[in-house]
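*Asks:* Take this structure first; my questions come after.
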Amino acid sequence: MDRDNKIMEESLNFKKIRKGTILKGEVVSSYKDEVVVNINYFCDGIIKKDELLSENYEKGSIIDVYVVSLDDGFGNVVLSEKKANYIVVSNELKDILKSGSRVSVYVKDRVDSGLICDYKGIRGFIPGSRVSTHRIDLNDYIGKTLEAILIELDLNKNRVIFSSKEIEVERKEEEKRKFFKSLSVGDKFLGTVKSVKDFGAFIDISGFPAFIHKSEVSNKHKFDINDILKVSKKVSVSILRIDKENNKLYLTMKESNYNPYLEYKNDFVEGNVYDVDVIKILPYGLVVSLNDYLTGFIHISEISNEILDLNKLFKIGDSIKAKITSIDHDEKKIFLSYKDIDECTNYEKGYTDKDTSNNTLGDVFKDIFSKLM
């Protein structure tokens, strides 16, 4: 009686299964051509070699199986691990496409147009243009695992398209953010010139784009930027300013401790008149160059006593004469005047040669001879 009750209890615990369902099965035994699986049914299930995902199975392993048939003619349920995997992974891929989640895919081979990959037993493809942001050799990826996102899924057409380019872009952007946060004003780098404009240049430092204004390229104020900076050239730069709000870097190539005044101050004397070039026009005066490195300032009051529009009187590059009125050694500044320059140069303009050393005696005594006659 107890034995009959036990058999009845076990029979009630058996699952009711039907064709086309997916079940969890426990590997009972593994043979060369098939695997026997316990599916908690009154008979075991059989998975033929062609329907297995792997070649080796350990006893007790739990796997997903698909019910192909309830009877193979010998009282066994016919199962397929591949079909179960395809359905499970297909549903997973649908969720991945919606969420945009990253996945890992294994690259099995390459074709002319891209990479053949595998995601949990389902064949996928990565177009060559979606592998990387830069030029690559597709052969280098065979046998490797790539992070990717699913960009297209049409199981009816077996179109499972991945892209790894976005992952690379995100990774580079994260590296840039970390790099930017680590920077400080004064940090020095060896940068690569990317492009040169009249107003400055764009330079790459460790993969981060930065800008250098022409005024920060050289301690000289008279130079051709294209003579110093050329595309692809390596240049030594340091960080001048960090714009954290806009994630921008500004660079300088100037020698930070260089002061042209200290080098050239003895070349210029207070009270003397010099030829200078206008390099900047301000509402209140002119900045002029005394040489390639040293500048001076002419206040508007030293140009005229009247109210003037300096932009109508001067233009950048004009060469004028100006007199040094004072030199501030403490501030290392030179001040000049444009007024009364005519008085300073009158002697030079009005001077005539009074030297009679080359005159003949006839020229010297001409007036005397005329009176005697």
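The values are calculated or read from the model by the stated rules, or taken from the named source; none is laboratory data. Computed from a predicted structure; not experimentally measured. All Cβ positions, even for glycine, are placed from backbone atoms using ideal geometry, and neighbour counts span all protein chains on display. The area values use the complete protein model at the heavy-atom level, side chains included, leaving out ligands, DNA and RNA. Shrake-Rupley method; radii C 1.70, N 1.55, O 1.52, S 1.80 Å.
*Asks:* Give the residues of the range 182-217 that are among the aliphatic types (A, V, I, L, M), crowded, with 18+ Cβ neighbours inside 10 Å and within 13 Å of residue 242 (Cα to Cα), sorted by residue number.
*Replies:* Within the range 182-217, 210, 212 qualify.
*Asks:* Step by step: first the residues of the range 327-353, then only those that are at pLDDT below 90 and of a type in the set (S, T, N, Q), then the one that is least open to solvent (accessible area, probe 1.4 Å). Which residue is that?
*Replies:* Looking at the filtered set, the residue picked out is 345.
*Asks:* Based on this model, can you work out whether residue 89 counts as touching a residue at least 24 places away in the same chain (Cβ under 8 Å) and part of a strand (DSSP E or B)?
*Replies:* Numbers: touching a residue at least 24 places away in the same chain (Cβ under 8 Å): yes; part of a strand (DSSP E or B): no.
Considered against the rule, which asks whether it is touching a residue at least 24 places away in the same chain (Cβ under 8 Å) and part of a strand (DSSP E or B), residue 89 comes out as no.
*Asks:* Here's a follow-up. Between 65, 78, 36, which is without any contact (Cβ under 8 Å) to a residue 12 or more places away in the chain, under 20 Å from residue 18 (Cα atoms) and open to solvent by less than 70 Å² (accessible area, probe 1.4 Å)?
*Replies:* Only one candidate qualifies: 36.
*Asks:* Somewhere in the range 160-180, is a residue over 30 Å from residue 109 (Cβ atoms) and assigned to a loop (DSSP other than H, G, I, E, B)?
*Replies:* no
*Asks:* Inside the range 58-86, can you point out the residues that are more than 53 Å from the chain's Cα centre (by Cα) and in a strand (DSSP E or B)?
*Replies:* Once the filter is applied, which keeps residues that are more than 53 Å from the chain's Cα centre (by Cα) and in a strand (DSSP E or B), the range 58-86 yields 67, 68, 69, 77, 78, 79.
*Asks:* Take the conditions of a type in the set (Ser, Thr, Tyr), open to solvent by less than 50 Å² (accessible area, probe 1.4 Å) and either within 26 Å of residue 158 (Cα to Cα) or at pLDDT below 90 (or both) and apply them to residue 86. Does it pass?
*Replies:* no
*Asks:* Given 244, 254, 233, which one is open to solvent by 80 Å² or more (accessible area, probe 1.4 Å), out of contact with any Pro (no Cβ under 7 Å at 6 or more places or on another chain) and within 21 Å of residue 197 (Cα to Cα)?
*Replies:* 233
*Asks:* Could you pull out the residue among 120, 157, 108 that is open to solvent by 30 Å² or more (accessible area, probe 1.4 Å), modelled with pLDDT of 95 or more and closer than 30 Å to residue 20 by Cβ?
*Replies:* Exactly one of 120, 157, 108 is open to solvent by 30 Å² or more (accessible area, probe 1.4 Å), modelled with pLDDT of 95 or more and closer than 30 Å to residue 20 by Cβ, namely 108.
*Asks:* What's the total number of residues in the range 107-136 that are in a strand (DSSP E or B) and either in contact (Cβ under 8 Å) with a residue 40 or more places away in the chain or basic (Lys, Arg) (or both)?
*Replies:* Matching residues across the range 107-136 total 5.
*Asks:* Right, here's the next one. Looking at (1) of a type in the set (A, V, I, L, M, F, W, C); (2) at pLDDT below 90; (3) open to solvent by 90 Å² or more (accessible area, probe 1.4 Å), which one does residue 14 not meet, given that it meets all the others?
*Replies:* (3)
*Asks:* Has the range 307-326 got any residue that is modelled with pLDDT of 50 or more, surrounded by 11 or more Cβ atoms within 10 Å (Cβ to Cβ), aromatic (Phe, Trp, Tyr) and in contact with a Phe, Trp or Tyr (Cβ under 9 Å, 6 or more places away or on another chain)?
*Replies:* No, the range 307-326 contains no residue that is modelled with pLDDT of 50 or more, surrounded by 11 or more Cβ atoms within 10 Å (Cβ to Cβ), aromatic (Phe, Trp, Tyr) and in contact with a Phe, Trp or Tyr (Cβ under 9 Å, 6 or more places away or on another chain).
*Asks:* Consider residue 142 against the criteria (1) of a type in the set (A, V, I, L, M, F, W, C); (2) open to solvent by less than 50 Å² (accessible area, probe 1.4 Å); (3) more than 21 Å from residue 91 (Cβ to Cβ): it satisfies all of them except one. Which criterion is unmet?
*Replies:* (2)
*Asks:* Separate question: Considering the range 205-262 alone, what residues qualify as being within 24 Å of residue 181 (Cα to Cα), in contact with a Lys or Arg (Cβ under 7 Å, 6 or more places away or on another chain) and assigned to a loop (DSSP other than H, G, I, E, B)?
*Replies:* Across the range 205-262, the qualifying residue is only 207.
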